[in-house]
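Okay, so here's the structure we're looking at.
Derivation of every value follows stated rules applied to the coordinates shown; laboratory data play no part. Since the structure is predicted, the reported quantities are computational estimates derived from the model, not experimental observations. Glycine also receives a Cβ, built like all others from the backbone with ideal geometry; neighbour counts cover every protein chain displayed.
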Amino acid sequence: MPKDETRIALFGDERWNVWDVRKQIGIVSHDLQRDYLIGAEGVNVVLSGYYASNDTYECQQFGKTQMTRAYELMQELGIASLAGRPFGHLSTGEQRRFLLARALVHDPSVLVLDEPTSGLDPKACFQYLDLLRLQIAKGKTVLLVTHHLHEIPPEIDRVVFLKEGMIIADGHKSTVLTKGRVSALFDNKMTLAQASGWYQALPG
């Protein structure tokens with residue numbers, strides 16, 4: 001029997017303009033951080049989110065409203081004092097904050113984060129996660145890709161396990177984050193620790 005036609009809808013629409021979709025999604029990834037131009041000044045990193053570029057260019061125009069939004073975000077994320085510093089002269093955590101501001105500059109409804117705390121020490125990791133929790137509290141939908149259970153904020157309640165390109169578990173965090181399922185995901189016997197909505201995987 002013929003298979004049903006595959007269909008996809010974004011934000012409720014099956015027909016969409018990629019530029020309209022971009023305005024509704026903010027993305028922060030390790031690849032973006034690695035490939036971003038190291039000479040771009042901090043404020044321009046944030047402004048580049050309006051054009052999804054890796055710096056700002058002469059052909060791009062920014063009005064007072066856009067500039068105000070950029071500085072408000074830098075203030076909110078604690079990086080306003082670094083607005084004039086080149087991207088390549090920032091710490092990993094500072095770069096990650098600027099990229100988060102870049103993702104937020106057009107006030108998207110969805111944030112997509114790929115390994116958001118990779119390379120950060122524990123203090124910087126949890127400070128960054130606190131910033132994400134504030135965005136969730138503001139009503140943002142957060143799609144977080146990670147190998148580390150401790151990166152999943154308490155506010156995220158749905159977890160999907162992917163293994164070899166297949167979904168092996170999908171559901172509420174309390175039913176997916178179990179000792180048996182985590183052990184099966186990583187092919188290693190594990191146990192779980194839980195505190196205040198946070199989870200951590202430990203050797204079994």
Sequence-distant residues sharing a close amide H with ILE27 (under 5 Å, placed H)
VAL112
Two pseudo-spin positions, 7 Å from Cα along C-beta at GLU155 and at GLN61, lie apart in nanometres by 3.6 nm
Using just the Cα positions, wrap the chain in a convex hull and report its mean projected area in square nanometres, one decimal place.
14.6 nm²
Which entries in the list LYS123/LYS163; LYS140/LYS179; LYS23/LYS140 go over 20 Å, if you measure between the two C-alpha atoms of each?
LYS123/LYS163; LYS140/LYS179
Theoretical gain in end-to-end length, THR141 to ASP187 [0.36 nm per residue, Cα-Cα removed]
13.5 nm
With runs of 4+ DSSP H residues as the only contributors, calculate the mean residue ellipticity of the chain at 222 nm using -39,500 (n - 2.57) per run, divided by the residue total and rounded to the nearest 500.
-10000 deg cm²/dmol
Extend 7 Å from the Cα of TYR51 along its Cα-to-C-beta direction; within region 63-102, residues with backbone N under 18 Å of that point are 63-71, 87, 99, 102
Residue-wise, which Karplus ³J(HN,Hα) couplings in Hz belong to region 52-58, taking 6.51 cos²θ - 1.76 cosθ + 1.60, θ = phi - 60°, and x for glycine or proline?
6, 10, 9, 4, 9, 9, 4
Most to least packed among 55-63, 37-45 [average Cβ atoms within 10 Å]
37-45, 55-63
Would you mind getting me the FRET efficiency between ILE168 and HIS30? Use the beta-carbon distance for r and R0 = 30 Å, nearest 0.05.
0.80
Around VAL160, under 11 Å between beta carbons, what's the net of Lys plus Arg minus Asp minus Glu among the other residues?
+2
Among VAL110, VAL46, what is the fewest-to-most ranking by other Cβ atoms within 10 Å?
VAL110, VAL46
Among residues other than GLY171 whose Cβ falls under 11 Å from its Cβ, what is the net charge (Lys/Arg +1, Asp/Glu -1)?
+1
So for region 143-198, using the alpha carbon gyration tensor with a ≥ b ≥ c as root eigenvalues (a/c under 1.5 gives rounded; past that, a/b versus b/c decides prolate or oblate), I'd call it oblate
